[in-house]
1. Compute the distance in nm between two label points, each set 7 Å from the Cα along the Cα-to-Cβ direction, one at residue 64 and one at residue 4.
2. Quick one: 34, 7, fewest Cβ neighbours within 10 Å first, how do they rank?
3. Count the net charge of all other residues whose Cβ sits under 9 Å from the Cβ of residue 53, scoring Lys and Arg as +1 and Asp and Glu as -1.
4. Rg/Rh for the range 3-42: what does it come to with C-alpha atoms and Rh from Kirkwood?
5. Scan around residue 28 for amide H atoms under 5 Å from its own, H built in the peptide plane at 1.01 Å from N, and keep only partners 5 or more places away or cross-chain.
Amino acid sequence: QMIDFIKRAVKLELDYIQDCLRDGILGLNQELLKEYVQYLADRRFERLRLSQQYGSGNPFPWMSEVIDLKKEKNFFETRVTEYQTGGALEW
């Protein structure tokens, strides 16, 4: 049942992408966004200990850097690392 819920959510997201981003925007097109939605769904399946359903890769590795950072640390008790990584973006 959980698989069906997530698949339905993915379908709604894909429909939204198709309706709202027909021409895409700079650096983002429908195919990349669809792949990213499926990639996120597969990550959710894994966290729920379910098998992946889409097998999509992450077309936006830079997005993971931005989203996955945990910033709930006390600045004075940790070492600042944001200045030390080059990141996944290629200029």
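Taken together, the values in this text are just the output of simple stated rules run on the coordinates, not laboratory data. Note that the structure is predicted; figures quoted are calculated from it, not measured. Please note: Cβ atoms are built from the backbone with ideal geometry, for glycine as well, and neighbour counts cover all protein chains shown.
1. 3.2 nm
2. Working: 34 19, 7 14.
So the ranking, lowest neighbour count to highest, is 7, 34.
3. On the way: positive: 7; negative: 42.
Value of the local net charge: 0.
4. Working: Rg = 10.3 Å, Rh = 10.3 Å.
Ratio of gyration radius to Kirkwood radius for the range 3-42: 1.00.
5. Counting only residues 5 or more places away or on other chains, the set is empty.
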